[in-house]
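To start, the structure itself, in C-alpha cells.
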Amino acid sequence: MTKQMKEVKLSQIELETSFRNKEKDLSLELDINRNGLKTPLVVEEKSADKYVLVDGYRRYYALDFLGKEVAECIIEPFTSEEERIIKRLGKELHTKRRTAYQLEKMINRLLENEAYDAKLIASLCNVSTETIAKYIRGSDVNPEWLRRGEKANVGRHAFTDIHNLDVNDDTKDHIVDRYIGKEINKSVVDVIKKSTKEKAFTNLPEEKTKECIDEIIEKKSQEYDAIREVVHKNSLEAKYNKYSHTFMHNVNLRSLTKIEKILGNNNYINFLSNEQRMELNNLARKILLRLNPPITWLNFPNDVQFYEKHAEKNVKNLRNKVFRPSRKKYVINRKM
C-alpha cells in the first residue's frame, strides 16, 4: 500500500495519547477556522474504516474543538506502535516542539522492547546517541518530581542533575521545591551542581548543606568566584580546615588591597565628610580589634595557684615598700 491523501472522519481516527496531552491552541484554532487545514494529518490505515494518528495531534485537537467532522489526511501503511513512536520521535527531536517529559516517555516506551537500545533509536531518529542517552540517564529520577515538574511546566533535565547531587534526600527535595516553585532555574541548578563538587563543600556537616545551598541561591551571582566564597565561608564556619582558611585569607587580602587603592585616591580622601571619616575609622577599629583583640581575664592561663602565689608576693613587696622605711633612713632620723 502506497501513501495516499484523502478525507477521514475524526471519529475513525484512534489516538495513542500516552505521550501527549490534550492541548488547546487558540491561535491554531483561529487559523484553521479562517484558512482551513493547511497541513494534513498523518495516519496509518489499521482497517477499512480505522486509522491511527501518527502526526498532527495539535491539529487534530483544534479540529475537534472547532467541531469539524473530517480532516485531510496522508494515509500510510499500518506498522507497529514502536515504529509509529520512531516516526514521531524522529520529527520531535529535530523540531523540539514536544517537552522533554514527552520525549522521555516515548524513549522509555521503546526501551521496553528488547529490540531497541539507545544506539538504534538514535540511528533511526538521525540524532546522536548522546542525545538519546540524556533522556535515559534520568530514568531513576523520583516520578513524583517529574509529575509535579510537568504540571508546573518547568524543564525536565534539571531533575536529573538534582537527583545526582551528592547531598541528602531532604536537601534534594528542598532544591526541587524551589525549582518547581520557579524560584530558581536550570542555570542556578547548574551552579549548585558545580559548587557541591568543591572540596570545601564536602567538608560541610550534613545539617549545614541546605543552609549553604540557600545562600548560594540568594547570592544570585553570575561570577562563580562569589559562589566559591559562599561555600568556603560556610565550610570554615562549620569547622576549621586549612583549604578554606587559605581561600578566605586570600579573599581578605584582595579585599583590603582594593580598599587601600581606593584610599590612595586623593579625590576620594580629600572630600570625605567628617561623618564618612568616622564611619571608616569605626569599621577599621572593628577590623583591628578582630585581628588584635584586647586581653581579658578569660585569656589568661587558668592557674589559680600561680596567681595566688604571685599576688601574695606582690602584696608583700608593696607593704615593705610603703610601710617600712629603709634602715639607713631610720638611723638618720635617730641621730636627728
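In this Cβ point-charge picture (+1 for Lys and Arg, -1 for Asp and Glu), region 76-175 has a dipole of about 600 debye about its Cα centre.
Placing unit charges on the Cβ atoms of the charged side chains and taking the dipole of region 62-203 about its Cα centre, the candidate lying farthest along the positive direction among Val70, Thr95, Asn142 is Thr95. When the listed pairs Lys172/Lys199; Lys46/Lys151; Lys6/Lys105; Lys151/Lys172; Lys46/Lys134; Lys208/Lys258 are checked against a 25 Å cut-off, the alpha-carbon distance exceeds it for Lys46/Lys151; Lys6/Lys105; Lys46/Lys134; Lys208/Lys258.
Stretching Asn35 away from Ser47 to a fully extended chain increases their span by 1.2 nm, per 0.36 nm per residue minus the current alpha-carbon distance. Measuring between their Cα centroids, region 26-91 and region 181-222 lie 46 Å from each other.
With the convex hull constructed from alpha-carbon coordinates only, region 136-207 shows a mean projected area of 4.8 nm² over all directions.
Cα extents for region 241-300 along the principal axes, largest to smallest and rounded to whole angstrom: 43, 32, 12. Check each of the trypsin sites (Lys or Arg not before Pro) in region 203-292 and keep only those in coil by DSSP with at most 14 other C-beta atoms within 10 angstrom; list them in order. In loop regions of region 203-292 (DSSP not H, G, I, E or B), the sparsely surrounded trypsin sites (Lys or Arg not before Pro) are Lys220, Lys239. In region 49-105, one over the average inverse separation of all distinct C-alpha pairs is 12.9 Å, which is the Kirkwood hydrodynamic radius. Need one number: the % of Cα-Cα pairs in region 88-186 sitting beyond the 22 Å mark. I get 33 percent for the Cα pairs in region 88-186 exceeding 22 Å. Value of Rg to Rh for region 39-149, rounded to two decimals, is 1.01; Kirkwood radius and Rg both from alpha-carbon coordinates. In angstrom, the C-alpha Rg and Dmax of region 23-73 are 11.1, 34. Annotation: amide H-H contacts under 5 Å for Glu76 (H modelled 1.01 Å from N, sequence separation of 5 or more, or interchain): Val43, Glu44, Glu45.
Remark: the Asn241-Lys119 segment gains 39.3 nm on full extension, using 0.36 nm per residue and subtracting the alpha carbon distance.
Restriction of the GluC sites (Glu not before Pro) in region 202-264 to DSSP coil positions whose beta-carbon has at most 16 other beta-carbons within 10 angstrom yields Glu223.
Quick note: the coordinates plus some simple rules give every number you see, no bench work behind them. The structure presented is a predicted model; accordingly, all values stated were derived computationally and were not measured. Don't worry about glycine lacking a Cβ; one is built from the backbone with ideal geometry, like all the others, and counts go over all protein chains shown.
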